[in-house]
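A short worksheet on the structure shown next.
The values are calculated or read from the model by the stated rules, or taken from the named source; none is laboratory data. In this text the structure is predicted, and so the values were computed from the model without any measurement. Counting neighbours? That spans all protein chains shown, and the Cβs are built from the backbone with ideal geometry, glycine included. Calculation scope for accessible area: heavy atoms of the full protein, side chains included, ligands and nucleic acids excluded. Shrake-Rupley method; radii C 1.70, N 1.55, O 1.52, S 1.80 Å.
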Amino acid sequence: MEDKENILVSACLLGVNCRYDGGNGKREEVVSLMKDYNLIPVCPEQLGGLMTPRLPAERQADGSVKNDQGQDVTEYFKRGAEETLRVGTLYGCKRAILKERSPSCGHGIIYDGTFTGTRTGGSGMTAALLEENGIQVTGESNTQREFTRNTER
């Protein structure tokens, strides 16, 4: 029997109610990958010690993370990134599917820190740390392109 590759996945994409607003961002195309991969769910914000629900937060131009009340929550996001990396390393993950635009998981494009819905180039703390440590990160909108296996034998 072929061993399945372990893939880190933002837990909200699998239907876990761990988003800042208490909801989830379940994506069936991500859930469907369970037949070919072992999906390892993670929520960096929860792993960092933040509760659900929680105030919205955005990464600032200086790299810190603040919630919409101006409180600096950087240490929670840093701890969550480190714990997510620890889980990924423990499970031998080489790839991750993370929630786009998140201050933790966003990859390539995140919100700009003004809480106006404006997007900017950059990555969330977890996505950046995973990539720095050799784990390839992709957002949920690229799931089909990045993870479609050839089923013909």
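In the range 1-25, the qualifying residues are those that are under 22 Å from ILE135 (Cβ atoms) and among the aliphatic types (A, V, I, L, M), and the one that is surrounded by the most Cβ atoms within 10 Å (Cβ to Cβ) is VAL9. Contact map, the range 29-52: first residue part of a loop (DSSP other than H, G, I, E, B), second residue open to solvent by 40 Å² or more (accessible area, probe 1.4 Å) and of a type in the set (Val, Ile, Thr), Cβ cut-off under 7 Å, separation 6 or more or different chains; pairs are CYS43/VAL16. All conditions in (1) in contact (Cβ under 8 Å) with a residue 60 or more places away in the chain; (2) over 20 Å from GLY22 (Cα atoms); (3) open to solvent by 30 Å² or more (accessible area, probe 1.4 Å) hold for LYS99, with the sole exception of (2). Considered as a group, the residues in the range 102-128 that are over 11 Å from GLU58 (Cβ atoms) and of a type in the set (A, V, I, L, M, F, W, C) include one that is most open to solvent (accessible area, probe 1.4 Å), and that residue is ILE109. Please find, among GLU75, GLU28, GLU45, the residue that is modelled with pLDDT of 95 or more and either surrounded by 14 or more Cβ atoms within 10 Å (Cβ to Cβ) or in contact with a Cys (Cβ under 6 Å, 6 or more places away or on another chain) (or both). It is GLU45. LYS26 meets the conditions (1) touching a residue at least 24 places away in the same chain (Cβ under 8 Å); (2) part of a loop (DSSP other than H, G, I, E, B); (3) of a type outside the set (A, V, I, L, M, F, W, C) in every case but one. The failed one is (1). Pairs are defined by a Cβ separation below 8 Å, a sequence spacing of at least 6 or placement on different chains, a first member in the range 116-144 that is free of Cβ contacts under 8 Å to residues at least 40 places away in the same chain and in a loop (DSSP other than H, G, I, E, B), and a second member that is hydrophobic (A, V, I, L, M, F, W, C) and surrounded by 13 or more Cβ atoms within 10 Å (Cβ to Cβ); the pairs so defined are SER123/ILE110; SER123/VAL137.
Can you tell which of GLU131, GLU83 is surrounded by 14 or more Cβ atoms within 10 Å (Cβ to Cβ), acidic (Asp, Glu), under 23 Å from ASN24 (Cα atoms) and modelled with pLDDT of 95 or more? Within the list GLU131, GLU83, the selection yields GLU83.
Within the range 82-105, the only residue that satisfies the criterion of being outside any loop (DSSP other than H, G, I, E, B), of a type in the set (Gly, Ala, Ser) and within 9 Å of the chain's Cα centre (by Cα) is ALA96.
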